[in-house]
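Everything below concerns the one structure shown next.
The values are calculated or read from the model by the stated rules, or taken from the named source; none is laboratory data. Because the structure is a prediction, the values reported are computed rather than measured. With ideal geometry, Cβ positions are generated from the backbone for all residues, glycine too; neighbour counts draw on all protein chains shown. What goes into the accessible areas is simple: the full protein's heavy atoms, side chains included, and nothing from ligands, DNA or RNA. Shrake-Rupley method; radii C 1.70, N 1.55, O 1.52, S 1.80 Å.
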Amino acid sequence: MITVEGVTKAYGTTPVLGPVTQVLAERGITSIIGPNGAGKSTLLTIAGRLAEPDTGTVRVRAGDGGGPGELDVHRARSSEVAKVVAVLRQENHFTARLTVRELVSFGRFPHCGGRLTATDVAAVDEALGFLELTDLQGRFLDELSGGQRQRAHVAMVLAQQTRYVLLDEPLSSLDIRHAVRMMRLLRRVADELGRAVVLVVHDVNFAAAWSDRIVAVRDGRVVAQGTPAEVVRDDVLEEVFDTPVRVHVLDGVPTAVYHR
């Protein structure tokens, strides 16, 4: 699991996160929701070692009794952490012109240092196939649609073959069709590959439909956590988003409706 203990973060004199103490990931899909500026992405990037906390620690343990045991994410060697936790930021700008396969191969760097072995090639092939990109692997990224590029970036972190996959707004800029497709793929990543997926998502109803757990953040603090049924409720969402909400259960899934 990924355990956040007493984590805080400020930019200058402005606090943006914490203190947060939270079991962030254990299994399945965990969605982090909250309004803009709530600290969602900050929490995710600190958990993934892309940002340093001002105080507190993040500890991670590999699943199934394997791996290096418990690691302090910000004190362990980056090469050790990268074999346990993979993280994808919201901004993914590559200046070099890369093919899909070249991008996905970057996910193997913690294992091979850039010299791909047969094992690395097999991992890349598996990730391409799982994200339904095999037929597009020779295409350049700038030749793809937004949804295809997003899948390519997720395939890159999947090829890293870590127990934990952290994704910052993977549905950003996707239309409904591609967002649904992405969530179906992430559900398969959790269920079929046994990865623990943590994502920042803005759409509460997507979080409710596809997640095992939801963590709701406001003003840098966790204000609610639990199953979708426990978090996607009128009172909780109104507290989190400061707007009138009514939740209805449709086909067994709590669904938020925002009133004028």
Take peptides 127-136, 210-219, 107-116 and line them up by average Cβ neighbours within 10 Å, highest first, as a rough protection proxy.
210-219, 127-136, 107-116
Grab the DSSP H runs of the chain that are 4 residues or longer, score each as -39,500 (n - 2.57), total them, divide by all residues and round the 222 nm result to the nearest 500 deg cm²/dmol.
-9000 deg cm²/dmol
If I model a spin label at residue 125 and residue 143 as a point 7 Å from the Cα along the Cα→Cβ vector, what separation in nanometres do I get?
2.2 nm
When the chain is treated as a GNM, springs tying every alpha-carbon pair under 10 Å, which of 105, 41, 173 comes out with the largest mean-square fluctuation?
173
Pop the C-beta distance of residue 253 and residue 135 into the FRET formula with R0 = 22 Å and round what comes out to the nearest 0.05.
0.10
If I model a spin label at residue 27 and residue 191 as a point 7 Å from the Cα along the Cα→Cβ vector, what separation in nanometres do I get?
1.5 nm
If you take the C-alpha gyration tensor of region 41-164, multiply each eigenvalue by 5 and take the square root, what semi-axes do you get, largest first, in whole Å?
27, 17, 12
Net charge around residue 135, counting only other residues with Cβ within less than 14 Å of its Cβ (Lys, Arg = +1; Asp, Glu = -1)?
0
Compactness check, the chain: C-alpha Rg relative to the 2.2 N^0.38 Å globular estimate gives 1.00
Roughly what would the spin-label model give for residue 52 and residue 230, points 7 Å off Cα along C-beta, in nm?
3.5 nm
Express as a percent, rounded to the nearest 5, the fraction of DSSP beta bridges in the chain (both residues included) that run antiparallel.
60 percent
Highest-first arrangement of 12-20, 138-146, where packing means the average Cβ count within 10 Å:
12-20, 138-146
Hey, any idea what % of region 151-258's accessible area is carbon plus sulfur with a 1.4 Å probe?
48 percent
How high is the relative contact order of region 171-260, given as a whole-number percent (alpha carbon pairs under 8 Å, six or more residues apart)?
18 percent
Rounded accessible area per residue of region 27-163, 1.4 Å, Å²:
47 Å²
When only C-alpha pairs under 8 Å and at least 6 residues apart count, what is the relative contact order of the chain, in percent?
24 percent
Hey, what did region 48-182 get for relative contact order, percent, Cα under 8 Å, at least 6 apart?
30 percent
Positive end of the dipole of the chain, charges at C-beta (+1 Lys, Arg; -1 Asp, Glu), about the Cα centre: which of 87, 253, 171 has its Cα farthest in that direction?
87
